[in-house]
Amino acid sequence: MGDASDVPDVFDPRIYAAGIPHDRFRVLRDQAPVARQEESEVLGWPAGPGFWAVTRHADVVRVLKDSESYSSYLGATQIRDPAPADLPFIRRMMLNQDPPDHGRLRRLVSRAFTPGRIERFAGTARDRARELLGAAFADGGEVDLVRAVTDDYALLNLTDLLGIPASDRGLLHTWTERVIAYQDPDEPPVLDAEGRPVNPRSPAMLAEMFGYAQELAAHKRAHPADDVMSVLAASELADAELEMFFFLLTVAGNDTVRSAAPGGILALVEHPAEQRRLWDGEVSMDTAVDELLRVHPPVLSFRRTAARDTELAGRKIREGDKVVVFHASANHDERVFADPHRLDLGRTPNPHVSFGDGPHVCLGAHFARLQLRVFHEEVRAACGGLTLAGPPRRLVSNFINGIKSLPVRPQEPSAPRS
């Protein structure tokens, strides 16, 4: 096993509408940890040349750490190849660069993500979570947690961090949906003159967002505040680099929490004994958040391109081949995690790769963990537990592990909020 014709398909984004395909990943990890995958034409998107699917934890970490062999720059980080004309534009983003250029940009931007600045957002995030949950749980009936709480929680926290007026959160939501949900039938693609879908990361599709970024940066230079965009606007970033950072922070900064928050709740309602342990204070919230991130990683996969001939798990990888790591599979690798399909909120150590590894490890991981910790603490304070009130609806995507709808029913708190 190992050729595309005889391995389980983990490319088709429609598979993920039913959840992470753990059975397929298990077969790949056991029998073909680096396996060829076909890129068939799906949902109007053209066929591609195929890629190597990397599913074991050790191999995923190796690829993520070895930027000399596995490049983010050569073909960017999405499975589908960008149009050749768009590739130079896409390469401007830090996510799609290799060291040393990646390191220069990361150092510039990391100045904005100081622990002190992030911690100052904790109080605002807590107040917001209480307000949203209080309104959602007011009548004690069924509620769609995504629509009522987590979408706004993630978006409004992001506007605070970046220094964007809360009234503009609708713009951020529109831009994020366009980029993240492009494979989902609920988000119809924009078509070109020949009827082909247009890459949502192309210059034409991002022009509105970039124009907004420049206007916001100009405002921050004239009226600086304690936010990330004020820091970026005053930095040595070129205009094109600033635009790409705004794009990256808007999409990644929103969708990490937007996916992980309801995903964590879904894991808890599916494992009531572990939910009770959390509600009873038997496990640390920090270890609980990491375990929820392990079982529901916000990002399913990332692509690299082989910069030279190499070998991975006994497979010969040729220069120019696409190599795609699957975080969701690595996080359930039996070679690393005992009983990986059991939710264990006290699991330690927990070397999940939900925030990546190597030079591209998520720049905002600390901020994401903070938001998730606050969110789960406030859910616990707002009710006595949660049960599932209907089936969740998942995003059709092989990239983002998104949840579009999560109907839950809160239980009465066993004690009043302290």
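The values are calculated or read from the model by the stated rules, or taken from the named source; none is laboratory data. Computed from a predicted structure; not experimentally measured. Using ideal geometry, Cβ is built from the backbone for each residue, glycine included, and neighbour counts are taken over all protein chains shown. Only protein heavy atoms, including side chains, enter the accessible area calculation; ligands, DNA and RNA are left aside. Shrake-Rupley method; radii C 1.70, N 1.55, O 1.52, S 1.80 Å.
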Those helices (runs of 4 or more DSSP H) completely within the stretch 138-225 that have 3 or more residues that are open to solvent by 50 Å² or more (accessible area, probe 1.4 Å) are 169-180, 203-222
Checked ASP59, ASP23 against criteria (of a type in the set (Asp, Glu), exposed (fewer than 14 other Cβ atoms within 10 Å of the Cβ) and not in a loop (DSSP other than H, G, I, E, B)); the one match is ASP23
Scanning the stretch 82-97 for residues that are in contact (Cβ under 8 Å) with a residue 40 or more places away in the chain and open to solvent by 30 Å² or more (accessible area, probe 1.4 Å), the one farthest from VAL42 (Cα to Cα) turns out to be ARG92
Going through the stretch 365-389 in order, the residues found to be small (Gly, Ala, Ser) and either open to solvent by less than 20 Å² (accessible area, probe 1.4 Å) or at positive phi (or both) are ALA365, ALA368, GLY384, GLY385
Of (1) touching a Leu at 6+ places or on another chain (Cβ under 7 Å); (2) surrounded by fewer than 17 Cβ atoms within 10 Å (Cβ to Cβ), ASP127 satisfies every one except (1)
Kindly check whether there is at least one residue in the stretch 243-258 that is open to solvent by 10 Å² or more (accessible area, probe 1.4 Å) and either out of contact with any helix residue (DSSP H, G or I) (no Cβ under 9 Å at 6 or more places or on another chain) or farther than 27 Å from SER397 by Cβ (or both).
no
The helices (runs of 4 or more DSSP H) lying entirely within the stretch 253-368 that contain at least 1 residues which are more than 30 Å from ALA129 (Cβ to Cβ) are 327-330
Of the conditions (1) open to solvent by 10 Å² or more (accessible area, probe 1.4 Å); (2) assigned to a helix (DSSP H, G or I); (3) within 19 Å of PHE355 (Cβ to Cβ), the single one that ALA240 does not satisfy is (3)
Condition set of a type in the set (A, V, I, L, M, F, W, C), on the phi < 0 side of the Ramachandran plot and open to solvent by 40 Å² or more (accessible area, probe 1.4 Å), scope the stretch 311-347, selection nearest to the chain's Cα centre (by Cα): answer is VAL336
If we keep only residues of the stretch 348-360 that are small (Gly, Ala, Ser) and crowded, with 20+ Cβ neighbours inside 10 Å, then the residue nearest to SER67 (Cα to Cα) is GLY356
Across (1) in contact with a helix residue (DSSP H, G or I) (Cβ under 8 Å, 6 or more places away or on another chain); (2) surrounded by 18 or more Cβ atoms within 10 Å (Cβ to Cβ), GLU38 clears everything bar (2)
Filter the stretch 122-135 for residues that are in contact (Cβ under 8 Å) with a residue 24 or more places away in the chain and among the small types (Gly, Ala, Ser); the one that is nearest to ASP151 (Cα to Cα) is ALA129
